[in-house]
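One structure is given below, encoded as structure tokens.
Every read-out reported here was derived from the displayed coordinates using simple, explicitly stated rules and does not represent laboratory data. Everything numeric here is computed off the predicted structure, so don't read it as measured data. Ideal geometry is used to build each Cβ from the backbone, glycine not excepted, and the neighbour counts take in all protein chains shown.
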Amino acid sequence: MARKSNQAYKQAPWRRQIQSIGLSLLPVVTIAVIVSLYLIISAQAAAAGLQIMNLHYEEEEILRTIANQRTQLALITSYSQMHKQAEKMGYEVAPESNVHYVTIEGYQGQSAVLFAPPPGIENDFGPLVNELYNQSLSNWFLDTFFTASSNSIRGDS
Amino acid sequence: MKKSSVSRLNLIGVSLSLASILIIFQMVRIQNSTKHQELSRWADEEYSYAIENYYPERGNIYDRWGRLLAGNEDVYEVGVMLEYVTNPTTIAQTLDGVNQLNYKDIFTSASKKYDPKKSVYAVLTDFLPSGVIDALSQIKQDYELTNPYGRKENLPSLRGVVWYPHLKRSYPENSLASNILGFYSFMDREDGIGYYGVEEYYDNLLAGTPMETFMPRNPYLLEELPNVPAGASLVLTIDREIQAMVEKKLDEAVEEHEAESGTIIVMDPRNGEILAMASQPRVNLNQYWKYEEEFEGKTPFNRAISETYEPGSVFKVLTMAAAFDTGTVDEETIFNDPGRFEYGGSTIYNWNRRGWGKQTMQGCMQHSLNVCLAWVATELGKEDFYKYLQAFGIGRRTNIDLGGEEIWPLSTPGDSDWYPIQLATNAFGQGVAITPIQLAAAVSAVANDGKLMKPHVLKAIIQDGKQYNTSPQVLSVPIKPETAKAMNSMLVESLKEESSIALVPGYNIAGKTGTAEIPVEGVYGTELTNASFVGWGPAEDPQFLVYVWIEKPESSPWGSLVAAPVFSSITQELVRYLDIPPEGSEQTLIAKES
């Protein structure tokens, strides 16, 4: 009788097999998931690093191109070139008798060259990288839940 | 059957476990072996980081309206990576004649044996423009299509030829304003520095700070890339159009009068801004290495700030201003000119060696009487005379912001090289040496209500995204405003009375001629002179001051005939550039319209 009763509560062998396989695979799967995550993040970090390097070289090239084009523009608008061009187009220095001066109310003359804002005027663009991207997980958690809830409490009062 | 399958499974399990253990064991062994540690260290040293030198872009130089006077252009260094060279003959044939390269030198360089420790890369040439590189790139690609990787030795290949871009200093205006700009020795890529002018004076600002950094090759280690800010850019007070006009007038005058050289300064007396500064000779700054061919011997790069000379009668403006300021003489003072003046054991004569009889101070200036001015200086007294000269900045650097300013010390009473006769001769600009910029700055005080402004060429600095404008500086106030006004009126009237060639129709101009004898081996009286003219206008509100100095003219020795017409010619164009209408022009226009 006892044997019969014992037999009645025993799980089927295939179920026990699946359980044991499942239990033994659980840490393997967990490790695999963690490793996969690590690999994905690492790959993304490496890709970002390479992108930074490429952007850095690209920036250097762009700056060089800008400098070069600025100089090329200056070469084709240099005094001698402009003078030649003006002569070619039939312009000539106006004789004194042809020069007339007219007073224009409010005209202050050619304004001084301004390549950049004067000191004291800061740009309004804010930080280049959104602050969210520099936040740690714990800070984000605290800011999102605790600061938000305290704000809502203050708002209610 | 069942027993056998279990034992097979056990066997496979044990085998796989053993294999895993062996793999793990081997991994641990390799990780901890000394060989691995050495290899790892070597790899870290060789490949983890690369040392990169960053040379910031040299700052640009602009004229007052933002026109580029000195910038940078893209050029290339061409070399061979010896490891990859397969056909040195093709390389030598392709680059033969480029940038003065010759076949033999290229072939020798490209044929060097690759040695990872000693010879990896050989420079063939540098400073090639992008157009040449585009053509070279196209040829290399074509060869690569017909002969991939240069495997076939009988086919041409440029494998191994590489090029690296970098910036080179460039001066779009060539020789225009070269005396002001100076040059940067860009051919020396490692240790280039600025020479003369703005390039020398502001070298540190323009150059920025070169940086040597460890650049990680491992992208995981890439946290922050070095930010190397470009050198500061400068905006000068120079006006390119005025500068070009003044240089042209100077060249014409020197040629017409068969002079040795010349200098012209145009400045704003109200703030000390230099609008133009021309001098001879000049050099194409893009070929600065030819500098020594142009500037033979001790020829200064910029005579306006580096050459001292005896100014002659233009100096009388300072003597008379000092005497007016102390009240020693005034408009009513009469001097009876006998034509000679004995002082300090020597005799002073007028330029024509004749007496001019009774003269007002205006007459003395109008006829440029040495005798009268020598008398004025002695009446003023040596203490006051030299005190005023010092207040006018004579004997001291103006500290203009250009590299290479020189001075000649002013001898004053008590100095071992000062003799009493110098009081008389200094009064009319002999026995005293100055640079053109000193004279222009000193006289500008008379044009600017007595305030001597510091002459300068820098208008603004652009650094770190901000523009810092400079402020005018008052160096001294040698004379009172009323003295300056009186001097202005006197010098306007004296020019008018003289019907000077320097006059400009429609404008009130104040000015003074100068003719200084040049001593040869300490003896005066030769035909060699410094002919000059200093003038400013409009006299009621001076907005410009022009100083013309023509050195050793042969057509005529007189400043009134050589320098005064140059002043007039320049001023007639200058007033248009500065939008200064002639007196009564508005009324004329209204009358025409009605």
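Overview of values
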{"quantity": "Prolate/oblate/rounded call for chain B, Cα gyration tensor, a/c under 1.5 rounded", "calculated": "prolate"}
{"quantity": "For the range B:122-185 versus the range B:336-351, the gap between their alpha-carbon centres in whole angstrom", "calculated": "71 Å"}
{"quantity": "Euclidean distance of C-alpha centroids, the range B:416-465 and the range A:70-101, integer Å", "calculated": "35 Å"}
{"quantity": "Förster radius 22 Å - calculated FRET efficiency between residue B:209 and residue B:162, Cβ distance, rounded to 0.05", "calculated": "0.20"}
{"quantity": "Distant-in-sequence amide H partners of residue B:403 (H built 1.01 Å from N, under 5 Å)", "calculated": "B:197, B:198, B:200, B:201"}
{"quantity": "Local electrostatic count at residue B:124 - Lys and Arg +1, Asp and Glu -1, tallied over other residues with Cβ under 12 Å", "calculated": "-3"}
{"quantity": "Helix-only [θ]222 nm of chain B, DSSP H runs n ≥ 4, -39500 (n - 2.57) each, per residue, nearest 500", "calculated": "-11000 deg cm²/dmol"}
{"quantity": "DSSP-loop trypsin sites (Lys or Arg not before Pro) across the range B:291-377, with at most 16 other Cβ within 10 angstrom", "calculated": "B:298, B:353, B:354"}
{"quantity": "Net charge over other residues, Cβ less than 11 angstrom from the Cβ of residue B:75 (K, R count +1; D, E count -1)", "calculated": "0"}
{"quantity": "Formal net charge of residues neighbouring residue B:35 (Cβ-Cβ distance under 14 Å; K, R +1; D, E -1)", "calculated": "+1"}
{"quantity": "Angstrom value of the Kirkwood radius, inverse mean 1/r, which spans all Cα pairs in the protein assembly as shown", "calculated": "33.0 Å"}
{"quantity": "R0 of 22 Å, Cβ-Cβ distance residue A:102-residue A:76: FRET efficiency to nearest 0.05", "calculated": "0.10"}
{"quantity": "Extension reserve of the residue A:132-residue A:144 stretch, reckoned as 0.36 nm per residue once the Cα distance is removed", "calculated": "3.2 nm"}
{"quantity": "Loop sites in the range B:36-124: trypsin sites (Lys or Arg not before Pro), DSSP, at most 12 other Cβ within 10 Å", "calculated": "B:113, B:117, B:118"}
{"quantity": "Approximate spin-label separation residue B:349-residue A:60, in nm, with each point projected 7 Å along Cα-to-Cβ", "calculated": "7.3 nm"}
{"quantity": "Where trypsin sites (Lys or Arg not before Pro) fall in DSSP loop in the range B:145-199, at most 16 other Cβ within 10 Å", "calculated": "B:151, B:152, B:189"}
{"quantity": "Compactness relative to 2.2 N^0.38 Å, alpha carbon Rg of the range B:509-550", "calculated": "1.55"}
{"quantity": "Residue B:146/residue B:29 FRET efficiency (R0 51 Å; Cβ-Cβ; nearest 0.05)", "calculated": "0.50"}
{"quantity": "Per-residue HN-Hα couplings for the range B:152-159 [Karplus 6.51, -1.76, 1.60; θ = phi - 60°; Hz; x = Gly/Pro]", "calculated": "8, 5, 7, 9, x, 7, 9, 4"}
